[in-house]
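Asker: Questions regarding the structure given below will be posed in turn.
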Amino acid sequence: MTIHLKTRPAAFTLIELLVVIAIIAILAAILFPVFARARENARRASCQSNLKQIGLGIMQYTQDYDDILPAAQNDGPWASAPWHVLIQPYVKSYQLFKCPSNASTGAVNNTTGHTADGVPAAGVPISYEVNGGNYPGDFNGRRPFLWYGTYSTQNSLASINLPATTIFVHEQASESEPMSYDLTKFTGTVNGSNGIKKAFVNHLGTTNLLFGDGHVKALKPSATTSTTINMWTIDNANLGGAGAPAAAITGMGTAEAYIQ
């Protein structure tokens, strides 16, 4: 007598296949945000490394120029050369001026067309600005870096009263100016377009800042100004007494909303 045994087909049933797909989808929904956060953490660390090296370049520059900080813009090696070019002999890389999280393809003002001076054909990438310019300006106090067209004498390192809490260089997502001389550099629009806001570069809700003592820290913009501190001026206060001016506090709050 012949016995015939029934064998199970070597295939998934529809229910089993749907269960597997559902499990994969759930795992993907859990893991993708984790992967994205890990990637942005790596980009933030790379940006912080850029700023650390920029800080060393600024310090080396001051050692060669009697402890005087570089101008936000200067006359050499060509007219209105920005600080990026002035510290180039010390950092020796224009790639340092590009944050990996910054999607801008623009260039810092007055840096295109100087390939003979070692500048990339596309100019210096937009990512970093020095804290300086107009005085007293919207931050109501003297800033670390001065615009050569306004002042002939730049600040010295000795004039920075509280270097550990004074911002030297900050991130900028789309502004082509080499310095942040007023609050519109953080709260205005690019070329008058209401759809493209000027803003800090976003690293998980924070932005990287280089301070006067050389350390780099990621902070929310609103943390840089309060009723007790103003990290944008060399004495961390406004000219009339302790605390940041109200316009700066409001402006940083707006800039935090625009962070991109």
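Asker: Find the strands (runs of 3 or more DSSP E) located wholly in the stretch 87-200 whose residues include 3 or more that are among the charged types (D, E, K, R), and list them.
Answerer: Numbers: elements: 128-130, 167-171, 193-197.
Strands (runs of 3 or more DSSP E) meeting the threshold: none at all.
Asker: Let me ask you something else. Return the only residue of 52, 92 being within 24 Å of residue 208 (Cα to Cα), surrounded by fewer than 17 Cβ atoms within 10 Å (Cβ to Cβ) and in contact with a Leu (Cβ under 8 Å, 6 or more places away or on another chain). Steps first, please.
Answerer: Details: 92 fails: in contact with a Leu (Cβ under 8 Å, 6 or more places away or on another chain).
Criteria check complete, one pass: 52.
A quick yes/no check of all residues on (1) out of contact with any helix residue (DSSP H, G or I) (no Cβ under 7 Å at 6 or more places or on another chain); (2) modelled with pLDDT under 85:
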{"site": "8", "(1), (2)": "yes, yes"}
{"site": "19", "(1), (2)": "yes, yes"}
{"site": "36", "(1), (2)": "yes, yes"}
{"site": "50", "(1), (2)": "no, no"}
{"site": "64", "(1), (2)": "yes, no"}
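Asker: Please go through the stretch 98-129 and pick out each residue that is of a type outside the set (S, T, N, Q), under 17 Å from the mean Cα position of the chain (by Cα) and buried (at least 22 other Cβ atoms within 10 Å of the Cβ). Don't jump to the end; show me each part of the working.
Answerer: Going residue by residue through the stretch 98-129, those that are of a type outside the set (S, T, N, Q) are 98-100, 103, 106-108, 113-114, 116-126, 128-129.
Among the residues that remain, those that are also under 17 Å from the mean Cα position of the chain (by Cα) are: 98-100, 103, 106-108, 124-126, 128-129.
Passing the criteria: 99, 108, 124, 126, 128, 129.
Asker: What are the pairs, 6+ residues apart or on separate chains, where a residue within the stretch 94-111 that is touching a residue at least 24 places away in the same chain (Cβ under 8 Å) and under 16 Å from residue 82 (Cβ atoms) has its Cβ under 7 Å from a residue that is in a loop (DSSP other than H, G, I, E, B) and charged (D, E, K, R)?
Answerer: Going by the 7 Å Cβ cut-off, the qualifying pairs are 109/177.
Asker: Anything in the stretch 146-173 that is under 25 Å from residue 253 (Cα atoms) and modelled with pLDDT under 90? List them, or say none.
Answerer: 146
Asker: Enumerate the pairs (first residue in the stretch 40-53 and touching a residue at least 24 places away in the same chain (Cβ under 8 Å); second residue anywhere and assigned to a helix (DSSP H, G or I)) with beta-carbon separation below 8 Å, excluding pairs fewer than 6 apart on the same chain, so at least 6 apart or on different chains.
Answerer: 50/96; 50/97; 53/91; 53/96
Asker: Further, regarding this structure: Give just the number: which of (1) crowded, with 23+ Cβ neighbours inside 10 Å; (2) outside any helix (DSSP H, G or I); (3) at pLDDT 90 or above does residue 244 not satisfy?
Answerer: Evaluating residue 244 over (1) crowded, with 23+ Cβ neighbours inside 10 Å; (2) outside any helix (DSSP H, G or I); (3) at pLDDT 90 or above leaves (3) as the failure.
Asker: I've got another one for you. Just for the stretch 72-85: of the residues that are more than 19 Å from the chain's Cα centre (by Cα) and among the hydrophobic types (A, V, I, L, M, F, W, C), which one is surrounded by the fewest Cβ atoms within 10 Å (Cβ to Cβ)?
Answerer: Residues of the stretch 72-85 that are more than 19 Å from the chain's Cα centre (by Cα), as a first pass: 74-81.
Then drop every residue that is not among the hydrophobic types (A, V, I, L, M, F, W, C), which leaves 78-79, 81.
Values: 78: 15, 79: 9, 81: 23.
It comes out as 79.
Asker: Restricting to the stretch 220-238, and then to whatever is among the small types (Gly, Ala, Ser) and within 21 Å of the chain's Cα centre (by Cα), can you tell me which residue is modelled with the lowest pLDDT? Step through it out loud before you land on a result.
Answerer: Going residue by residue through the stretch 220-238, those that are among the small types (Gly, Ala, Ser) are 222-223, 226, 237.
Right, trim to within 21 Å of the chain's Cα centre (by Cα) and you get 222-223, 226.
Working: 222: 93, 223: 94, 226: 87.
The residue in question is 226.
Asker: Which of the residues belonging to the stretch 112-142 are without any contact (Cβ under 8 Å) to a residue 40 or more places away in the chain, under 15 Å from residue 171 (Cβ atoms) and among the hydrophobic types (A, V, I, L, M, F, W, C)?
Answerer: Initially, the stretch 112-142 is screened for residues without any contact (Cβ under 8 Å) to a residue 40 or more places away in the chain, giving 112-116, 118-123, 125, 135.
Those left that are additionally under 15 Å from residue 171 (Cβ atoms): 125.
Listed by number, the list is empty, since nothing qualifies.
Asker: In addition: Quick check on this structure: which one of 88, 60 is modelled with pLDDT of 95 or more and over 12 Å from residue 178 (Cα atoms)? Spell out the reasoning first.
Answerer: Details: 88 fails: modelled with pLDDT of 95 or more.
Only one candidate qualifies: 60.
Asker: Considering only residues of the stretch 212-233 that are of a type outside the set (S, T, N, Q) and in contact with a Lys or Arg (Cβ under 7 Å, 6 or more places away or on another chain), which is surrounded by the most Cβ atoms within 10 Å (Cβ to Cβ)? I'd like the intermediate steps shown before the answer.
Answerer: So the first thing to find is which residues in the stretch 212-233 are of a type outside the set (S, T, N, Q), and the list is 212-221, 223, 229, 231-232.
Next cut, in contact with a Lys or Arg (Cβ under 7 Å, 6 or more places away or on another chain) only: 216, 218, 232.
Details: 216: 20, 218: 18, 232: 28.
So the residue we want is 232.
The values are calculated or read from the model by the stated rules, or taken from the named source; none is laboratory data. As the structure is a computational prediction, the values presented were derived from the model and not from experiment. Neighbour counts run over all protein chains shown; Cβ positions are idealised from the backbone, glycine included.
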